[in-house]
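The values are calculated or read from the model by the stated rules, or taken from the named source; none is laboratory data. Computed from a prediction, not measured in an experiment: that's the story for all the values here. With ideal geometry, Cβ positions are generated from the backbone for all residues, glycine too; neighbour counts draw on all protein chains shown.
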Amino acid sequence: MPPQPPASGTSAPVAHLRVQRVRPAYRQVADELRTQILAGALPAGTRLPNEAELGRAFGVSRSTAREALRVLSSQHLVETLRGVQGGTFVSEPDPARVVEDVGSALGVLVMTPRLHVSDLLEARLLLEPAAARLAAQRADAETVEAVRAAAAAPRDDRDPSGFVGHLDFHTTLLMATGNLMLTLMGQPVNDVLRTRLRRAGVEAREWDKVDACHREIAEHIAEGRAGEAEEAMRDHIVELRRLYERDGFWA
């Protein structure tokens with residue numbers, strides 16, 4: 001539901017900022033507004049001052065204020081509505097959009113020498129065993145059902161390898177921790193793997209092993225065996241890393 005303007009039609013006040021010229025002025029304005037939004041000083045639905053008013057408040061030009069709002073819009077922190085009651089309003093941060101943006105950025109970086117696929121796999125090795133332990137410690141009946149269902153999900157005819165379903169299991173496990181930050185950290189990595197691995201190069205028996213590992217991990221979580229869940233996930237990720245790092249498996 002789009003944010004509604006205040007009944008009075010007035011704009012919310014914003015704290016002033018002494019702009020420093022060592023950084024682009026629009027970045028400084030965007031940073032200050034972002035800080036106020038995330039701190040709750042400018043809650044979701046708040047109408048921001050227009051570009052001219054923002055420029056006067058921060059001592060910058062209207063075009064600088066406009067560029068600052070564009071930065072915030074690209075980060076899904078504000079939304080501009082048209083019409084008589086329109087304006088620029090603070091948006092509720094959406095975790096799904098954050099995951100999508102980070103995944104897109106990682107997908108670009110992994111194509112450059114700065115970030116190698118092995119970096120993603122190493123990060124996964126550090127993250128997911130700990131997530132499996134936490135999921136086992138916190139699992140309730142609903143969580144157990146979701147993890148077991150993900151581990152036993154049938155393969156889609158459009159994806160005989162079951163690779164998409166395999167990644168869905170890892171996403172479900174991250175969510176089973178009840179820790180949003182773990183999901184935000186782990187999901188973008190899985191999204192890159194989803195798009196970059198040449199699944200046709202992996203033998204069917206390898207995917208069968210993956211299925212078996214997922215079922216084992218799911219049972220450890222269901223029974224609350226945190227140590228065993230962590231160890232099984234670590235062994236699983238090590239084996240996946242060996243599989244993924246074979247020559248020719250990356251697009």
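When each of 63, 104 is tested for being polar (S, T, N, Q), under 30 Å from residue 116 (Cα atoms) and not in a loop (DSSP other than H, G, I, E, B), the lone residue that passes is 104. Which residues, taken from region 106-138, are in contact with a Pro (Cβ under 7 Å, 6 or more places away or on another chain) and within 19 Å of residue 232 (Cβ to Cβ)? Within region 106-138, none qualify. State yes or no: is residue 123 over 18 Å from the mean Cα position of the chain (by Cα), assigned by TED's automatic domain parsing to the domain that holds residue 192 and within 29 Å of residue 245 (Cα to Cα)? Criteria not met by residue 123.
Limited to region 66-101, what total is found for residues that are surrounded by 14 or more Cβ atoms within 10 Å (Cβ to Cβ) and in a strand (DSSP E or B)? Residues flagged as surrounded by 14 or more Cβ atoms within 10 Å (Cβ to Cβ) and in a strand (DSSP E or B) within region 66-101 amount to 7. Listed by first and then second residue, the pairs linking a residue in region 26-50 that is part of a helix (DSSP H, G or I) and polar (S, T, N, Q) to a residue that is surrounded by 15 or more Cβ atoms within 10 Å (Cβ to Cβ) and modelled with pLDDT under 90, with Cβ atoms under 9 Å apart and 6 or more places separating them unless they lie on different chains, are 28/17; 28/19; 36/14. Selection of region 107-130 for residues being aliphatic (A, V, I, L, M), assigned to a helix (DSSP H, G or I) and either touching a Gly at 6+ places or on another chain (Cβ under 7 Å) or modelled with pLDDT under 90 (or both) yields 108, 109, 117, 120, 121, 123, 127.
Picking from residues in region 196-251 that are among the aliphatic types (A, V, I, L, M) and more than 19 Å from residue 124 (Cα to Cα), the one that is modelled with the lowest pLDDT is 251.
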